[in-house]
Amino acid sequence: MTPYNIDAAAWQESWDRQQEAFMPDREERFSAMLDTVHAVTGGEWPRVLDLAGGTGSISLRVLRRFPQARTTLLDIDPVLLAIARASLDDRAVVVSADLRTPDWVDALPERDFDAVLTATALHWLPLDRLAALYGEIRQVLRPGGVLINADHMPDDGLPGLSQKMGDRERARREARYAAGAVLSWPAWWDHVAKDPTLGPLVERRREVFADRHGDESTPPVSWHLDALRRAGYVEVGLIWRGARDAAVTGVR
Ligand SMILES: C[S@@+](CC[C@H](N)C(=O)[O-])C[C@H]1O[C@@H](n2cnc3c(N)ncnc32)[C@H](O)[C@@H]1O
(Lines give C-alpha, C1' and ligand atoms only; values in the text may rest on other atoms or scores of the structure.)
Protein backbone atom coordinates (compact mmCIF):
# COMPACT_ATOMS: atom_id res chain seq x y z
CA MET A 1 0.00 0.00 0.00
CA THR A 2 1.69 3.22 -1.12
CA PRO A 3 1.36 6.35 1.03
CA TYR A 4 1.46 8.42 -2.18
CA ASN A 5 -1.59 8.82 -4.37
CA ILE A 6 0.29 8.77 -7.66
CA ASP A 7 0.54 6.45 -10.64
CA ALA A 8 4.06 5.27 -9.88
CA ALA A 9 4.59 3.47 -13.19
CA ALA A 10 3.54 6.53 -15.20
CA TRP A 11 5.89 8.84 -13.25
CA GLN A 12 8.67 6.29 -13.56
CA GLU A 13 8.22 6.18 -17.33
CA SER A 14 8.09 9.96 -17.49
CA TRP A 15 11.40 10.22 -15.52
CA ASP A 16 13.07 7.59 -17.69
CA ARG A 17 12.05 9.36 -20.94
CA GLN A 18 13.34 12.68 -19.64
CA GLN A 19 16.68 11.12 -18.56
CA GLU A 20 17.03 9.22 -21.86
CA ALA A 21 16.84 12.55 -23.65
CA PHE A 22 20.10 13.46 -21.87
CA MET A 23 21.60 9.99 -22.34
CA PRO A 24 20.29 8.04 -25.34
CA ASP A 25 22.57 5.15 -24.24
CA ARG A 26 21.23 5.10 -20.67
CA GLU A 27 19.93 1.52 -20.92
CA GLU A 28 23.29 0.31 -22.22
CA ARG A 29 25.10 1.51 -19.09
CA PHE A 30 22.41 -0.05 -16.89
CA SER A 31 22.79 -3.38 -18.74
CA ALA A 32 26.57 -3.27 -18.24
CA MET A 33 26.01 -2.63 -14.52
CA LEU A 34 23.63 -5.57 -14.20
CA ASP A 35 25.96 -7.87 -16.16
CA THR A 36 28.69 -6.98 -13.65
CA VAL A 37 26.38 -7.68 -10.70
CA HIS A 38 25.64 -11.06 -12.30
CA ALA A 39 29.35 -11.80 -12.69
CA VAL A 40 30.08 -10.88 -9.07
CA THR A 41 27.18 -12.77 -7.49
CA GLY A 42 26.25 -15.45 -10.02
CA GLY A 43 22.83 -13.79 -9.98
CA GLU A 44 22.10 -15.40 -6.59
CA TRP A 45 20.53 -13.08 -4.02
CA PRO A 46 22.46 -9.92 -4.99
CA ARG A 47 22.46 -7.22 -2.35
CA VAL A 48 22.72 -3.85 -4.04
CA LEU A 49 23.00 -0.28 -2.82
CA ASP A 50 21.43 2.14 -5.36
CA LEU A 51 23.26 5.32 -4.40
CA ALA A 52 21.58 8.63 -5.33
CA GLY A 53 19.00 6.33 -6.84
CA GLY A 54 16.32 8.97 -7.52
CA THR A 55 13.02 7.44 -8.58
CA GLY A 56 14.44 3.89 -8.47
CA SER A 57 15.35 3.26 -12.12
CA ILE A 58 18.37 1.11 -11.19
CA SER A 59 16.65 -0.73 -8.31
CA LEU A 60 13.69 -1.60 -10.53
CA ARG A 61 16.00 -3.06 -13.19
CA VAL A 62 17.98 -5.02 -10.59
CA LEU A 63 14.78 -6.49 -9.08
CA ARG A 64 13.35 -7.31 -12.50
CA ARG A 65 16.47 -9.19 -13.62
CA PHE A 66 17.27 -10.81 -10.24
CA PRO A 67 13.94 -11.50 -8.51
CA GLN A 68 15.72 -12.67 -5.34
CA ALA A 69 17.74 -9.46 -5.06
CA ARG A 70 17.49 -6.96 -2.24
CA THR A 71 18.18 -3.28 -2.85
CA THR A 72 18.68 -0.24 -0.67
CA LEU A 73 17.98 3.05 -2.44
CA LEU A 74 19.48 6.20 -0.94
CA ASP A 75 18.70 9.73 -2.12
CA ILE A 76 17.89 13.15 -0.72
CA ASP A 77 15.29 14.55 -3.14
CA PRO A 78 11.81 14.38 -1.51
CA VAL A 79 10.01 14.29 -4.88
CA LEU A 80 12.12 11.50 -6.38
CA LEU A 81 12.04 9.58 -3.09
CA ALA A 82 8.23 9.74 -3.14
CA ILE A 83 8.19 8.20 -6.63
CA ALA A 84 10.72 5.57 -5.51
CA ARG A 85 8.66 4.63 -2.43
CA ALA A 86 5.54 4.31 -4.57
CA SER A 87 7.38 2.23 -7.22
CA LEU A 88 9.37 -0.30 -5.21
CA ASP A 89 8.09 -3.34 -3.35
CA ASP A 90 9.25 -4.84 -0.05
CA ARG A 91 12.46 -6.20 -1.59
CA ALA A 92 13.72 -2.60 -1.46
CA VAL A 93 14.46 -0.24 1.41
CA VAL A 94 14.35 3.49 0.66
CA VAL A 95 16.37 5.89 2.81
CA SER A 96 16.78 9.65 2.80
CA ALA A 97 20.36 10.82 3.40
CA ASP A 98 22.82 13.42 2.14
CA LEU A 99 25.98 12.29 0.34
CA ARG A 100 27.60 15.66 1.01
CA THR A 101 28.65 14.40 4.46
CA PRO A 102 30.02 11.01 5.61
CA ASP A 103 26.96 10.58 7.87
CA TRP A 104 25.05 8.93 5.00
CA VAL A 105 26.67 5.63 6.03
CA ASP A 106 24.82 5.74 9.37
CA ALA A 107 21.46 5.87 7.55
CA LEU A 108 22.04 2.46 5.94
CA PRO A 109 20.04 -0.41 7.45
CA GLU A 110 22.81 -2.87 6.46
CA ARG A 111 26.36 -3.08 5.03
CA ASP A 112 28.43 -5.67 3.14
CA PHE A 113 26.79 -5.02 -0.22
CA ASP A 114 27.73 -7.07 -3.29
CA ALA A 115 27.48 -3.94 -5.42
CA VAL A 116 27.04 -0.19 -5.04
CA LEU A 117 25.57 1.24 -8.26
CA THR A 118 25.24 4.94 -9.01
CA ALA A 119 24.44 6.83 -12.20
CA THR A 120 24.45 10.45 -13.32
CA ALA A 121 24.60 11.79 -9.80
CA LEU A 122 28.02 12.20 -8.24
CA HIS A 123 29.09 15.05 -10.56
CA TRP A 124 27.22 17.34 -8.17
CA LEU A 125 29.84 16.73 -5.46
CA PRO A 126 33.10 18.71 -5.18
CA LEU A 127 36.04 16.49 -6.20
CA ASP A 128 37.59 16.28 -2.73
CA ARG A 129 34.21 15.10 -1.39
CA LEU A 130 33.82 12.56 -4.21
CA ALA A 131 37.30 11.15 -3.51
CA ALA A 132 36.36 10.72 0.17
CA LEU A 133 33.01 9.18 -0.81
CA TYR A 134 34.79 6.52 -2.90
CA GLY A 135 36.52 5.45 0.33
CA GLU A 136 33.28 5.46 2.33
CA ILE A 137 31.58 3.31 -0.32
CA ARG A 138 34.45 0.81 -0.13
CA GLN A 139 33.72 0.41 3.58
CA VAL A 140 30.12 -0.71 2.91
CA LEU A 141 31.11 -3.29 0.25
CA ARG A 142 31.90 -6.88 1.09
CA PRO A 143 35.38 -8.08 0.05
CA GLY A 144 35.13 -8.75 -3.69
CA GLY A 145 32.12 -6.44 -4.01
CA VAL A 146 32.05 -3.71 -6.68
CA LEU A 147 31.34 -0.01 -6.94
CA ILE A 148 30.12 1.15 -10.36
CA ASN A 149 29.80 4.87 -11.03
CA ALA A 150 28.35 5.82 -14.42
CA ASP A 151 28.59 9.53 -15.07
CA HIS A 152 29.92 12.25 -17.35
CA MET A 153 33.59 11.25 -17.72
CA PRO A 154 35.28 12.20 -20.97
CA ASP A 155 38.09 10.06 -22.39
CA ASP A 156 41.43 11.77 -21.56
CA GLY A 157 42.84 10.90 -24.97
CA LEU A 158 39.99 12.43 -26.98
CA PRO A 159 39.36 15.98 -25.71
CA GLY A 160 38.55 17.46 -29.12
CA LEU A 161 36.46 14.56 -30.33
CA SER A 162 34.62 14.35 -26.97
CA GLN A 163 33.69 18.02 -27.37
CA LYS A 164 32.34 17.39 -30.86
CA MET A 165 30.35 14.35 -29.74
CA GLY A 166 28.92 16.40 -26.88
CA ASP A 167 27.95 19.19 -29.28
CA ARG A 168 26.22 16.68 -31.54
CA GLU A 169 24.29 15.16 -28.62
CA ARG A 170 23.24 18.62 -27.41
CA ALA A 171 21.99 19.66 -30.87
CA ARG A 172 19.97 16.45 -31.16
CA ARG A 173 18.48 16.98 -27.69
CA GLU A 174 17.55 20.62 -28.34
CA ALA A 175 15.82 19.59 -31.57
CA ARG A 176 13.75 17.00 -29.69
CA TYR A 177 12.79 19.52 -26.99
CA ALA A 178 11.84 22.07 -29.66
CA ALA A 179 9.66 19.49 -31.43
CA GLY A 180 7.96 18.50 -28.17
CA ALA A 181 9.23 14.93 -28.52
CA VAL A 182 10.27 14.81 -24.86
CA LEU A 183 10.30 17.04 -21.77
CA SER A 184 13.46 18.98 -20.86
CA TRP A 185 14.74 18.98 -17.25
CA PRO A 186 13.01 22.30 -16.29
CA ALA A 187 9.84 21.33 -18.18
CA TRP A 188 9.71 18.01 -16.29
CA TRP A 189 9.95 19.82 -12.95
CA ASP A 190 7.22 22.30 -14.02
CA HIS A 191 5.10 19.25 -14.74
CA VAL A 192 5.81 17.79 -11.27
CA ALA A 193 4.92 21.09 -9.61
CA LYS A 194 1.40 20.87 -11.10
CA ASP A 195 0.74 17.40 -9.68
CA PRO A 196 -1.52 17.57 -6.58
CA THR A 197 0.52 14.94 -4.68
CA LEU A 198 4.09 15.63 -5.81
CA GLY A 199 3.72 19.40 -6.27
CA PRO A 200 3.78 20.25 -2.54
CA LEU A 201 7.09 18.35 -2.21
CA VAL A 202 8.78 20.64 -4.74
CA GLU A 203 9.17 23.42 -2.15
CA ARG A 204 10.89 20.98 0.23
CA ARG A 205 13.17 20.01 -2.65
CA ARG A 206 14.16 23.66 -3.15
CA GLU A 207 15.17 23.86 0.50
CA VAL A 208 17.23 20.65 0.26
CA PHE A 209 19.20 21.98 -2.71
CA ALA A 210 19.20 25.67 -1.67
CA ASP A 211 23.01 25.84 -1.46
CA ARG A 212 23.60 24.17 -4.84
CA HIS A 213 24.91 26.64 -7.41
CA GLY A 214 24.89 24.58 -10.56
CA ASP A 215 28.60 23.68 -10.38
CA GLU A 216 29.35 20.26 -11.84
CA SER A 217 32.63 18.34 -11.57
CA THR A 218 33.23 16.25 -14.67
CA PRO A 219 36.92 15.29 -14.65
CA PRO A 220 38.19 12.76 -17.20
CA VAL A 221 38.06 9.07 -16.50
CA SER A 222 41.73 8.95 -15.35
CA TRP A 223 40.84 11.15 -12.36
CA HIS A 224 38.23 8.60 -11.23
CA LEU A 225 40.57 5.63 -11.68
CA ASP A 226 43.30 7.36 -9.63
CA ALA A 227 40.79 8.30 -6.91
CA LEU A 228 39.52 4.70 -6.74
CA ARG A 229 43.08 3.34 -6.44
CA ARG A 230 43.88 5.84 -3.70
CA ALA A 231 40.66 4.80 -1.91
CA GLY A 232 42.02 1.24 -1.71
CA TYR A 233 40.11 -0.66 -4.43
CA VAL A 234 42.22 -3.64 -5.56
CA GLU A 235 41.07 -3.54 -9.21
CA VAL A 236 39.86 -0.44 -11.05
CA GLY A 237 38.77 0.09 -14.64
CA LEU A 238 35.87 0.70 -17.03
CA ILE A 239 32.97 -1.66 -17.56
CA TRP A 240 31.31 0.63 -20.12
CA ARG A 241 32.24 3.60 -22.31
CA GLY A 242 29.94 5.92 -24.28
CA ALA A 243 30.69 9.14 -26.15
CA ARG A 244 31.19 11.45 -23.16
CA ASP A 245 30.03 9.18 -20.33
CA ALA A 246 31.59 6.07 -18.82
CA ALA A 247 31.07 3.61 -15.98
CA VAL A 248 34.13 3.23 -13.73
CA THR A 249 34.42 0.24 -11.44
CA GLY A 250 36.36 -0.52 -8.32
CA VAL A 251 36.59 -3.97 -6.75
CA ARG A 252 37.02 -4.10 -2.99
C1 LIG B 1 20.03 12.71 -12.49
S2 LIG B 1 19.48 11.95 -11.01
C3 LIG B 1 19.87 10.23 -11.30
C4 LIG B 1 19.01 9.31 -10.50
C5 LIG B 1 19.18 7.81 -10.85
N6 LIG B 1 20.49 7.35 -10.49
C7 LIG B 1 18.89 7.56 -12.32
O8 LIG B 1 19.83 7.25 -13.04
O9 LIG B 1 17.73 7.70 -12.72
C10 LIG B 1 20.67 12.44 -9.79
C11 LIG B 1 20.27 12.01 -8.39
O12 LIG B 1 21.26 12.38 -7.44
C13 LIG B 1 20.59 12.74 -6.25
N14 LIG B 1 21.47 13.57 -5.41
C15 LIG B 1 22.03 14.75 -5.74
N16 LIG B 1 22.73 15.23 -4.69
C17 LIG B 1 22.58 14.35 -3.68
C18 LIG B 1 23.06 14.29 -2.33
N19 LIG B 1 23.82 15.26 -1.83
N20 LIG B 1 22.73 13.23 -1.57
C21 LIG B 1 21.95 12.23 -2.08
N22 LIG B 1 21.47 12.23 -3.35
C23 LIG B 1 21.77 13.27 -4.13
C24 LIG B 1 19.40 13.53 -6.77
O25 LIG B 1 18.41 13.71 -5.80
C26 LIG B 1 18.97 12.65 -7.94
O27 LIG B 1 18.10 11.64 -7.54
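Here the chain exposes an accessible surface that is 52 percent carbon and sulfur, computed with a 1.4 Å probe and the other protein chains kept in place.
For the stretch 5-85, the set of GluC sites (Glu not before Pro) satisfying both a DSSP loop assignment and a count of at most 15 other C-beta atoms within 10 Å is given as GLU44. Evaluated on the stretch 184-252, the Kirkwood hydrodynamic radius is 15.4 Å, with distances taken between all distinct Cα atoms. Assuming charge only on the beta carbon of Lys and Arg (+1) and of Asp and Glu (-1), the dipole of the chain about its Cα centre is about 280 debye to the nearest 20. Of HIS213, HIS123, HIS224, the residue with the greatest mean-square motion in the GNM of the chain, using alpha carbon springs below 10 Å, is HIS213. A 1.4 Å probe run over the protein chains yields, for the chain, 47 Å² of accessible area per residue, whole-number rounding.
Considering only DSSP beta bridges with both partners in the stretch 8-251, what is the antiparallel share in %, to the nearest 5? For the stretch 8-251, the DSSP antiparallel bridge percentage is about 40. Taking 0.36 nm per residue of separation and subtracting the Cα-Cα distance, full extension of the segment from ALA171 to SER222 would add 15.6 nm.
Rounded to whole numbers, the Karplus 3J(HN,Hα) couplings from phi for the stretch 28-38 are 4, 5, 5, 4, 5, 4, 5, 4, 5, 4, 4 Hz, using 6.51 cos²θ - 1.76 cosθ + 1.60 with θ = phi - 60°, and x at Gly and Pro. Rounded to the nearest 500, the helix-only mean residue ellipticity at 222 nm of the chain stands at -14000 deg cm²/dmol, with each DSSP H run of n ≥ 4 adding -39,500 (n - 2.57). Each peptide in 200-211, 53-64, 89-100 was scored by the mean count of other Cβ atoms within 10 Å over its residues; highest first, the order is 53-64, 89-100, 200-211. For the stretch 8-251, the mean projected area of the C-alpha convex hull, equal to one quarter of the hull surface, is 12.7 nm². In this structure, the amide hydrogen of VAL94, modeled 1.01 Å from its nitrogen in the peptide plane, lies closer than 5 angstrom to those of LEU73, counting only residues at least 5 positions away or on a different chain.
Couplings 3J(HN,Hα) of the stretch 7-21, computed from phi: 8, 4, 5, 5, 5, 4, 5, 4, 4, 4, 4, 4, 5, 5, 5 Hz, in residue order, whole Hz [Karplus 6.51 cos²θ - 1.76 cosθ + 1.60, θ = phi - 60°; x for Gly and Pro].
The values are calculated or read from the model by the stated rules, or taken from the named source; none is laboratory data. Computed from a predicted structure; not experimentally measured. Every residue, glycine as well, gets a Cβ built from its backbone with ideal geometry; the counts of neighbours run over all protein chains shown. Side chains included, ligands, DNA and RNA excluded: accessible areas come from the protein's heavy atoms. Shrake-Rupley method; radii C 1.70, N 1.55, O 1.52, S 1.80 Å.
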